[in-house]
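The values are calculated or read from the model by the stated rules, or taken from the named source; none is laboratory data. Computed from a prediction, not measured in an experiment: that's the story for all the values here. Surface areas here come from the heavy atoms of the whole protein model, side chains and all, with no ligands, DNA or RNA. Shrake-Rupley method; radii C 1.70, N 1.55, O 1.52, S 1.80 Å.
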Amino acid sequence: MERTREPRAWPWVAVALVFVVLSPVASMLTRDSTGRTSLAWVAVQALATAAAFLIPQVRQIRSEQRQAKAEEREFDTRVEVELAFNDALEPVVRLLGELAQETDHVQRERRRAQMVPLVLTTTAQLTGQDRVRACWFALDPGPPERLQPQESLGRAGPVTTVFSRGTPSGDAALDLVTTNGQLVVEDLTADASDLWRLDDREVSRSLVVVAVAVGNVAHGMVTLDALEADGFDDDDVALVRLMAGLLGAAMSIR
């Protein structure tokens, strides 16, 4: 949200102080004057008194007006974000509805396959982060049980890691998926980088992992990685969970 810059208070205080001091000075000079001079000092005293009272009131009103404008801009921004979010989700929800109503097996599988790139693209776009990458790892029961990278969208660069049961990274990923869990790694160079390396280039710094599961049936996991450390917030994690849930629903329709 755009911040409203608050004007410095000291010029207002200085001007108000001048009028506060001028009012009693004018009162004293009025007693020592006669004729038009006395009337002039009376007018100055009245104006100084009024100004000393009105300046803080005007400043308060202007401050309230700025606050109201800032709140209006924040509301407009939220509306724009919600509209963009709804626009981005509409194709995913529509395709999910078509998948649920499809009776032909071949067409159903075709629509199910379309869900993966659509979910990944939407996830990467809605984070608002630069050069993120969303990936889909499908669960292969094996043996050995493993999570295989099938598609990635967003930042260029293939995902090459296969998480296989019996390895430290494979056990960590498969345990997360089978328990319908999630994981946020703020800095891969410091926290469990060997367990969650997605490719051989080691350029990712932050990572979100969310299981794709419905009930006790696991289908795989969605990951979202970025080039900077601490690249994702709670809203990004909630977004990935939502998209993983929609993908899980698509995978469960038979």
Segment 106-254 - percent of accessible surface contributed by carbon and sulfur, probe 1.4 Å: 49 percent
Segment 204-250 versus segment 91-135: alpha-carbon centroid distance in Å: 14 Å
Residue-span extension gain [Thr189 to Thr103] - 0.36 nm each, minus C-alpha spacing: 26.2 nm
